Amino acid sequence: MPSASNPARIEQQQTLTRPLHLAFANLAFSYGNTIKEAERGELTGSALVGLQSDCEELLALSLSLRGQLREVQP
């Protein structure tokens, strides 16, 4: 059965990608805040640290997801 019509496969993919969506949302939020601070001339080190932290979280999650997908896919 194709994965597009297989509810179990769809749920499995969503379970794997949901944390990735959340990490991207966090990164977008941090990026937006960093840009706003920069535009106001009020860029702080803490904004950059937060942005870096979100980037590192996304990287770790992406690597983890890649490993999980290798385990799931033949």
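The values are calculated or read from the model by the stated rules, or taken from the named source; none is laboratory data. Computed from a predicted model, the values in this text were never measured in an experiment. Remember, those area values only see protein heavy atoms, side chains included, never the ligands or the DNA or RNA. Shrake-Rupley method; radii C 1.70, N 1.55, O 1.52, S 1.80 Å.
Per residue, the chain reaches -30500 deg cm²/dmol at 222 nm when only DSSP H runs of four or more residues are counted, each adding -39500 (n - 2.57). For a bin width of 10 Å, list the pair-distance distribution of region 5-48 built from all Cα-Cα distances, rounded to whole %. For region 5-48, the pair-distance distribution reads 26, 29, 20, 15, 10, 0. Across region 28-74, the volume of the C-alpha convex hull divided among the residues equals 51 Å³ per residue. Atom-type composition of the exposed protein surface of the chain places 60 percent of the accessible area on carbon and sulfur (1.4 angstrom probe).
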